[in-house]
Amino acid sequence: MNSNPEEALRESEERYRTLVDSIDQGFCVVELIFDERERPVDYRFLQVSPSFEKHTGLRDAQGKTMRELVPQLEQWWFETYGDIALTGAAKRFQNRAEHLNRWFDVYAFRIGEASRRQVAILFNDITDRKLSDDKLRESEERFRNLADNIPQLAWIADAGTDGEVHWFNKTWLDYTGATIEDMKGSGWRAVHHPDHADRVIQKFGRHVQEGMDWEDTFPLRGKDGQYRWFLSRMKVIRDEGGKVVRIFGTNTDVTEERQTAEQLRRLTAELSDLDRRKNEFLATLAHELRNPLAPIRNGLQILRLAGDNAAAAEQARTMMERQLEQMARLIDDLMDVSRINQGKIELKRERVELAKVVEGAVETSRPLIEENGHELTVTLPPGPVFVDGDPTRLTQVLLNLLNNAAKYTARGGRIDLRAELTSPERERPAEVVVSVRDAGIGIPVDKLPTIFEMFSQVEGALARSQGGLGIGLCLVKRLVEMHGGQIEAHSAGPGTGSEFVVRLPIVVEQAQARNIGDDDTRSPRADLRILVVDDNRDTASSSAMLLKMMGNDVRTAHDGEAAVRVAEEFRPQVVLCDIGLPKMNGYEACRHIRRQPWGKNMILVAVTGWGQDDDKRKAEEAGFDRHLVKPVDPQALMTLLAGLNVAKA
């Protein structure tokens, strides 16, 4: 230790100056200047470090006042340093020096007694760091504004936290109804569906630990307690060295997309099934239409060879009529389904007695039932029961059900038709319940929901000789519903038989109903001049032969132009005209005839394979009086001719 006081002081000052000169921070000692009211108004630089100028840009500051160097310096600086000089309380603060447009981190403390009014100031220029912090803050603010306004649920977790999330966006909080404090750490697990939580959490944690991106789909619970499906994606954020520093994730609501995909998958499956059933239907249709052709062809050969064998000829005719009726029924069913689908079928409603409907269906179905040796029992309620409906269509419903039972029941089986009345209830009127039960092949339980759909076929039914087209039950259901009723199918499975139950509202007022199925007993006309027009020569000649056998005078034509020419020469009272004709179609031929004075009073009947309501409308607009659908029932034709009021020319 130096014993010389002056030497010791000199050494101390050297150490002080060495320290001041060596530090990189700015340093200065100032003396505060107060006005007469003891307010700090300036300060003088007593000492400055070599780095002072680098930090402030002020040159030759020592010995000068701050006002001399920066006249517009903010008063705030004087008041801050004046307070330190008077109170002795050191201060550390960050502030922007407007005159320098720089930011400083400042530490200031008093030197000596308050009477000296000296303050030492140690400061760092933090402008670059401050600008960087501001940019970061602005960036984070932009990020949060963006993240809080995207439709996705978003979240952030730091690396090495085993998946503990510390930030959630507003969309997440709005959806879950939770707060950030609720969700922080592992609180987010509470909104996961319990059936998926373990799998999701394990997979998420493994990807976090391994620093791998992650994607998964799972349901999350909303504040309403309902779960919606979300596609979750996690992105690992790395620094320049490749170290994982942050994990960012989003959850996108894909509930509608999943529902749409499921609907599309279901629709695709339904379309595939419908296409399969359509193909089966077309194959079955070809089979069912070819079946009657063989006996009809055989019958024609029998008639050709029968000679005087009247019994053989009669048997052949009966067989051919039966097969022709079968073909007509198939085509009628197809037409009826088409009309219903287009909303063009109209019911001819009347008050009809149920017993008459049952009687008509049973009588029509009886040949098929007896052919298969079945036992049929019919049980009806005591007394008459009336329904408001179309008697022909209701008979068609029960006929279809009886024919199905006969076709799908092994020979010698039992078929029960039972009708019962139900009492009216508060929400249901009085009904009649008609059931048709058989002991046949039954229906697989999984087929019951689709048994009434178009082209639906029960497996095993196709192997039967009269499997049908798969449209009968569809037609039955539509007709029953058009009558305000319902139909159900019941079966315990293959080999257990089936039961079809039809519910129809009844007419409470028991009035006498018109009998259905009454035959028109009028005798056929045998004194008419008739022109038959058809480009199918066999159809034209056979129809002409039938009409001649009734005693009519008949001519034929095979195209539209010939029809007009023959009509002008022959002047028929009735023209039976096909529509699809060469040279001039049936509509044009009809219009041409109607324009002639001799054709105004003729009865023109369209005979065609087209039987839709629109076809009937076109025929009427062309001038036809009647419309018949091929193949024409001879009895129906005779009934039509018998009722015509024709001119006697």
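The values are calculated or read from the model by the stated rules, or taken from the named source; none is laboratory data. For clarity, every value in this text was computed on a predicted model and none was experimentally measured. Cβ coordinates were reconstructed from backbone atoms using ideal geometry, including for glycine residues, and neighbour counts include every protein chain displayed. SASA here: full protein model, heavy atoms, side chains in, ligands and nucleic acids out. Shrake-Rupley method; radii C 1.70, N 1.55, O 1.52, S 1.80 Å.
Taking the range 43-61 as the range and being over 15 Å from TRP77 (Cβ atoms) and β-branched (Val, Ile, Thr) as the test, only VAL48 passes. For LEU173, the conditions (1) hydrophobic (A, V, I, L, M, F, W, C); (2) loosely packed, with under 14 Cβ neighbours inside 10 Å; (3) under 29 Å from GLU141 (Cβ atoms) are fulfilled apart from (2). In the set (1) touching a Lys or Arg at 6+ places or on another chain (Cβ under 9 Å); (2) free of Cβ contacts under 8 Å to residues at least 12 places away in the same chain, the condition left unmet by PRO71 is number (1).
Scanning the range 537-595 for residues that are basic (Lys, Arg) and either in a helix (DSSP H, G or I) or without any contact (Cβ under 8 Å) to a residue 40 or more places away in the chain (or both) returns ARG537, LYS548, ARG555, ARG565, LYS583, ARG591, ARG594, ARG595. Each residue in the range 149-169 was checked for being farther than 22 Å from ALA197 by Cβ, open to solvent by less than 50 Å² (accessible area, probe 1.4 Å) and at pLDDT below 75, and 1 of them qualify.
Residues in the range 399-417 that are assigned to a helix (DSSP H, G or I) and either modelled with pLDDT of 90 or more or open to solvent by less than 40 Å² (accessible area, probe 1.4 Å) (or both): LEU399, ASN400, LEU401, LEU402, ASN403, ASN404, ALA405, ALA406. Scanning the range 329-363 for residues that are outside any helix (DSSP H, G or I), modelled with pLDDT under 85 and open to solvent by less than 60 Å² (accessible area, probe 1.4 Å) yields ILE345, LEU347.
Among the candidates SER435, SER465, the residue that is at pLDDT below 85 and at negative phi is uniquely SER465. For the range 364-379, what are the residues that are open to solvent by 70 Å² or more (accessible area, probe 1.4 Å) and not basic (Lys, Arg)? Correct list: THR364, PRO367, GLU370, GLU371, GLU375.
Quick grid of which residues meet (1) small (Gly, Ala, Ser); (2) touching a residue at least 24 places away in the same chain (Cβ under 8 Å); (3) in a loop (DSSP other than H, G, I, E, B); (4) touching a Gly at 6+ places or on another chain (Cβ under 6 Å):
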position	(1), (2), (3), (4)
HIS166	no, no, no, no
TRP172	no, yes, no, no
TRP188	no, yes, no, no
HIS207	no, yes, no, no
PHE218	no, yes, no, no
LEU231	no, no, no, no
ILE237	no, no, no, no
GLY241	yes, no, yes, no
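Every listed requirement among (1) within 30 Å of VAL507 (Cβ to Cβ); (2) modelled with pLDDT under 85; (3) buried (at least 19 other Cβ atoms within 10 Å of the Cβ); (4) within 33 Å of the chain's Cα centre (by Cα) is met by GLY470 save one, (1).
Considering only the range 138-147, I want to know if a residue exists there that is crowded, with 19+ Cβ neighbours inside 10 Å and closer than 30 Å to ASN251 by Cα. Yes, the range 138-147 has at least one match.
From the list ASP633, ASP625, the one residue that fits, being under 48 Å from the mean Cα position of the chain (by Cα), within 23 Å of GLN323 (Cα to Cα) and of a type in the set (Asp, Glu), is ASP633.
Checking the stated criteria, LEU100 turns out to be touching a residue at least 40 places away in the same chain (Cβ under 8 Å), of a type outside the set (S, T, N, Q), open to solvent by less than 50 Å² (accessible area, probe 1.4 Å) and over 20 Å from GLN118 (Cβ atoms). Pairing residues of the range 51-68 that are open to solvent by less than 80 Å² (accessible area, probe 1.4 Å) with residues that are polar (S, T, N, Q), at Cβ distances under 7 Å and at least 6 apart in sequence or on separate chains, gives SER51/GLN25. Applying the criterion of at least 2 residues that are within 13 Å of CYS28 (Cβ to Cβ) and charged (D, E, K, R) to the helices (runs of 4 or more DSSP H) found wholly in the range 39-138 leaves 52-56.
Residues in the range 380-398 that are of a type in the set (Gly, Ala, Ser) and either part of a helix (DSSP H, G or I) or in contact with a strand residue (DSSP E or B) (Cβ under 8 Å, 6 or more places away or on another chain) (or both): GLY389 only. Any residue at all in the range 381-392 that's modelled with pLDDT under 90, over 18 Å from VAL501 (Cβ atoms) and open to solvent by less than 20 Å² (accessible area, probe 1.4 Å)? Taking every residue of the range 381-392 in turn, at least one turns out to be modelled with pLDDT under 90, over 18 Å from VAL501 (Cβ atoms) and open to solvent by less than 20 Å² (accessible area, probe 1.4 Å). Among the residues of the range 191-202, those identified as open to solvent by 60 Å² or more (accessible area, probe 1.4 Å), of a type outside the set (S, T, N, Q) and either outside any loop (DSSP other than H, G, I, E, B) or closer than 14 Å to VAL244 by Cβ (or both) are ASP198, ARG199. Taking the criterion of being in a loop (DSSP other than H, G, I, E, B) and surrounded by fewer than 16 Cβ atoms within 10 Å (Cβ to Cβ), the residues of the range 609-624 that qualify are GLY609, GLN612. Pairs linking a residue in the range 627-642 that is farther than 16 Å from ASP615 by Cα and part of a helix (DSSP H, G or I) to a residue that is open to solvent by 50 Å² or more (accessible area, probe 1.4 Å) and not aliphatic (A, V, I, L, M), with Cβ atoms under 6 Å and 6 or more positions apart or on different chains, are MET638/PRO524; THR639/ASP520; ALA642/ARG522; ALA642/PRO524.
In the set (1) more than 22 Å from ASP148 (Cα to Cα); (2) at pLDDT 80 or above; (3) open to solvent by less than 30 Å² (accessible area, probe 1.4 Å), the condition left unmet by GLY222 is number (1). Please tell me if GLN202 is polar (S, T, N, Q) and without any contact (Cβ under 8 Å) to a residue 40 or more places away in the chain. When the stated conditions are applied, GLN202 passes them. Suppose we keep only residues that are open to solvent by 60 Å² or more (accessible area, probe 1.4 Å) and modelled with pLDDT of 90 or more within the range 485-505. Which one would you say is nearest to THR409 (Cα to Cα)? In this case the residue turns out to be HIS490. On the given criteria, is LEU547 of a type in the set (A, V, I, L, M), out of contact with any helix residue (DSSP H, G or I) (no Cβ under 7 Å at 6 or more places or on another chain) and within 27 Å of LEU324 (Cα to Cα)? In short, yes.
If you check ALA606 against the conditions, is it surrounded by 15 or more Cβ atoms within 10 Å (Cβ to Cβ) and over 14 Å from LEU641 (Cα atoms)? So ALA606 does not fit the description; no.
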